[in-house]
Amino acid sequence: MARYVVIIIMGNGLGLTRGNRREENARERPPGGRRFIEWLADAPRVSLAAGAFALGIALAWWWGGVSAWPWVTGAWVLLVCAAMLRRGHSRVCGCGMLLTIAALGGAWLTLRHHRVPEGHLASMIGEQPVAVRMRGVATSSPVVRDTASGSMAVFNFQPPASYFRMRVEALASRDGAVAPVSGDILVRCDETLPRFRPGDRVEVIGTFRRFPPASNPGEFDRATYARALDQAGMLRVGQRELVTIEPVERSAPSETVNFWRERLRARAGAWIRSDLPPDKRNQRDALLAALLLGEREPELVELNETFRRTGLAHVLAISGMHLGILAGLILMVLRMTGRSSRWHALVLIVLIVTYVGIIEARLPVLRAALMICVGSLGLLFGRRLRLPSLVALSGLILLAWKPSQLFDAGFQLSFGVVLGLVHLSPVLRRAWFGPRDQLAPTGGAMLLEWLKDSVAGGVVAWAVATPLVAHHFGMITPLAALGSIITLPVVAVLLGVGYLKMIFGAILPSAGLFLGAPLVIAADLLVSVVEVMDMLPLATVRVPFPGSAWTLLTMTLIAGWVLHRTRLQRRALWGATVMLAAWLWWPVLPVSGSPALRIDMLSVGDGSCYVVRSGGACAVFDAGSSTDLDAGRSTIIRAMERLGVSRVDFIAVSHANLDHFSAVIELVERFDMGEVLLTPQFLEAAARDPLSPAGYLCSVLNEHLVAISAVREGDGRSLGDSTWTWLHPRRDDVFSLVNDTSMVVRVEAAGRSVLLTGDIQRGAMIRLLDRFPSNRLDADVLELPHHGSHHDAAETFVRIVSPQVVMQSTGWTRFERDAWAAPLAPLERLVTVRDGAGAVIIDRAGTIRVERFRELSSPP
């Protein structure tokens, strides 16, 4: 109901806006659609409306309410007040209309993001996995992907999995009852599925769960992204026999469109990849698929990191630059026909919409396509829309479609950079190079003018993007402006040749053979340029993640530097620059208020990773996961960067199980590394079987010239203001279970102690209790051994240690049958699968406090 009220208010508001000037424009009002285009061409009006709508969305996001009625009521009241003041109080009426639009933005975000419709899957099933039987319609064909990536993916022996999207229509219970439901889901089958088409009816039996929110600092928020895509969650299926497909005839237009869309996408990929040299095929094919079709293949992960470090990640995602080049090529061909510009606009809209329908249309693609189509509509109606109007209108439409994308890094970068190019680039161009010579007499002079425009535009784009990149990714890329200028011609050639190869592959396959060589040369040249830039000093500068206030103030400062006119303004800008730089770097300056010890337990599923910091030094105790062998790149590194870690003094690997060291190689490659500490039993296992995961780790560490040290009972290390003492194992200890060879470390700081235990089980616990008196084992903070495995020896061990805080890194499988609930009820307990990442902080007075990431990151 509230959704319809919002639409009614919006319609009345637009009528009121037109009515303000009804009398004075009655005689000159153009008819029909042209009048609407005239209204859209008013850049200040559209810009203010888009800004007010975005402000309302931001306020509703911050407030986090679940009811839209306060916003709707406020919009009605403001609309009535504006209507009463519309005669003789035009400015007050205008302010009232802007506030009305802001209230509508808040209501719309609440309806689309915070509120879950009745009967939707998201309102019926929580984060914990549930066995279900679902019936519905497949909305995509199955895609086969590897189940693991990362440095240890070679030890993943699971077959590839199949993924497809499904629109759920019914949920069947165990007793056969069928309940109608709604919602789109992603289905993963652990085996390869036979080919089927979108529109086929599907019945699936598996384990369903909603996408969980981000569990670690810096982690990609899959839940928010899935909500933006209207996906309720993921259904995991163990065997292909549990997926039943019922082919149906294509009668509905939407099903026919989906069928041909999937078929054209597959054909386009084949046309691009055909007749290419076999060397570097996997990475190069993934690069071409990303640039031309918007696909994200696993082979592109490492290359994507290289582009991201150099500030050129936007090159790999189809965006305004890519569609702008495509639109330019299309218009170049159309102008040769000599037809009118209206005909050009119509053809351009049809071709852009068709291309976006074929490719993997992510949000950046849709943003760029919308801007091109809106601009072409202006030409179609005989009125050129000003670029500010075009940008504001596109932003308003996208926010009305998916309001939550206001907080997406891609949305902010796209519109921030475009607004900077519109308003700041011409000013900077005149200040540095003078006015543009519109009558350049020679080709060389025209090229020089283009270079001047490119330099001014590249500098403005880099300057505007830098605060946003620092805010979202914690880094500054000083060479990104130069890299964009260098790679732009290469990308333009690559895209032009790639589009031609797709066209000729469809109508004249033999001609595509001659385009394969230049396409490969352009792709290899692009990769080489980016890799060379990545090796240059200062290609990437890591900075503390600044807040929203710093980001907004810095972008305002950048605009001030471009637009300033007087020496006094320049002095004020220098002062503001120094203050903002101090604000940015303040968190990493050594201050007396830093804690004596901080332990961050990251949420890595079935695995462990503890980041320990003290006195400006950092160590990592275990770093791995069996749930995600790529947790180092996808989770741990991002979390450590968000925590401000730039150097790791040592990594201590408790024992030779892969879920405790699968991410070590990634950490060694990313951070300045001191040494890696291993037990004698770990080194013996690596020497005994060099082809095992333990042996592979040691060989890679040797290749990277990283020091490996053996630690045993009695050894010690200093880390900042803390001391580490190893209690287990001894050099000659022999156990039947690898887990019992785990190192046990006592960490002491500010009169408090922490006991890190790895995966010790009954044998190691009994030996520790025999070797040490209880006062050597008692600790204020305890890592619950073996991810929380429960048995009588474990209960005795925990009782003797008598901790105040217990840290448990585990997945759902162990936690759902939680046998520790009663024994640990009186204690402070952090559990990764429930709380996300957890932190234990010991200040210099010895006071202990804990933090839970999901509590800190939840909306106010």
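Things to note:
- Rounded if a/c under 1.5, otherwise prolate or oblate - region 412-504, Cα gyration tensor axes: oblate
- Derived from the Cα gyration tensor, the three semi-axes of the equivalent ellipsoid of region 470-628 are 42, 31, 13 Å, largest first.
- For Pro159, net neighbour charge (Lys/Arg +1, Asp/Glu -1) across residues whose Cβ lies under 13 Å away: 0
- Region 392-452: trypsin sites (Lys or Arg not before Pro) in DSSP coil with no more than 10 other Cβ atoms inside 10 Å: none
- What the Cβ-Cβ distance of Arg201 and Glu795 gives, at R0 = 41 Å and to the nearest 0.05, is a FRET efficiency of 0.20.
- In a fully extended conformation the segment linking Ala582 and Leu737 would gain 50.5 nm over its present Cα-Cα distance, using 0.36 nm per residue.
- Tilt relative to the chain, helix 509-535 - C-alpha long axis, 0 to 90 degrees, to 10: 60
- Rounded FRET efficiency, nearest 0.05, which uses the C-beta distance separating Ala400 from Ser802 and R0 of 51 Å: 0.30
- Inter-part distance, region 414-483 to region 665-682, computed on C-alpha centroids, equals 43 Å.
- The modelled label-to-label distance between Val154 and Val116, using points 7 Å beyond Cα along the C-beta direction, is 4.4 nm.
- Net charge of Cβ neighbours under 14 Å - reference Val578; Lys, Arg +1; Asp, Glu -1: +2
- Surface share of carbon and sulfur [accessible, 1.4 angstrom probe, percent] for the chain: 60
- Degrees, to the nearest 10: 567-585 long Cα axis against longest axis of the chain: 30
- Heavy-atom accessible area per residue - the chain, 1.4 Å, Å²: 47
- From phi via Karplus (6.51, -1.76, 1.60), per-residue ³J(HN,Hα) for region 684-690 in Hz, x at Gly/Pro: 5, 5, 5, 5, 5, 9, x
- As an equivalent ellipsoid, region 121-246 spans semi-axes of 23, 20, 13 angstrom, where each value is the square root of five times an eigenvalue of the C-alpha gyration tensor, largest first.
- Site pair Gln438 and Val143 shows an inter-label distance of 4.7 nm when each label is modelled 7 Å from Cα along Cα→Cβ.
- Angle in degrees between helix 2-19 and the longest Cα principal axis of the chain, rounded to the nearest 10: 30
- Using the Cβ-Cβ distance between Trp260 and Ile503 with R0 set to 25 Å, the FRET efficiency works out to roughly 0.90.
- Counting only Cβ charges, +1 for Lys and Arg and -1 for Asp and Glu, the dipole size of the chain around its Cα centre is about 4360 debye.
- Mean-position separation - Cα centroids, region 791-855 and region 569-645, in angstrom: 22
- Per DSSP, loop trypsin sites (Lys or Arg not before Pro) in region 791-821 with at most 11 further Cβ within 10 Å: Arg817
- Under the criterion of Cα pairs below 8 Å and six or more residues apart, the relative contact order for the chain equals 10 percent.
- Report summary: the helix-based calculation at 222 nm, which adds -39500 (n - 2.57) for every DSSP H run with n ≥ 4 and divides by the residues of the chain, gives -15500 deg cm²/dmol.
- Stretchable slack from Asp818 to Arg240, in nm (0.36 nm times residue separation minus alpha-carbon distance): 205.0 nm
- With eigenvalues of the C-alpha gyration tensor scaled by 5 and rooted, the chain, Å: 50, 32, 31
- Considering only Leu784, Pro773, His655, the residue lying farthest towards the positive end of the dipole of the chain is Leu784, judged by Cα position with unit charges set on Cβ.
- Overall form of region 597-857 per C-alpha gyration tensor (a/c, 1.5; a/b vs b/c): rounded
- Cβ-defined net charge surrounding Asp437, 10 Å radius [Lys, Arg +1; Asp, Glu -1]: +1
- Kirkwood hydrodynamic radius of region 793-841, from inverse mean 1/r over distinct Cα pairs, in Å: 11.6
The values are calculated or read from the model by the stated rules, or taken from the named source; none is laboratory data. All values reported here derive from a predicted model rather than from experimental measurement. Glycine gets a Cβ as well: all are built from the backbone with ideal geometry, and neighbour counts include every protein chain shown. Accessible surface is based on the protein model in full, side chains and every heavy atom, while ligands, DNA and RNA are left aside. Shrake-Rupley method; radii C 1.70, N 1.55, O 1.52, S 1.80 Å.
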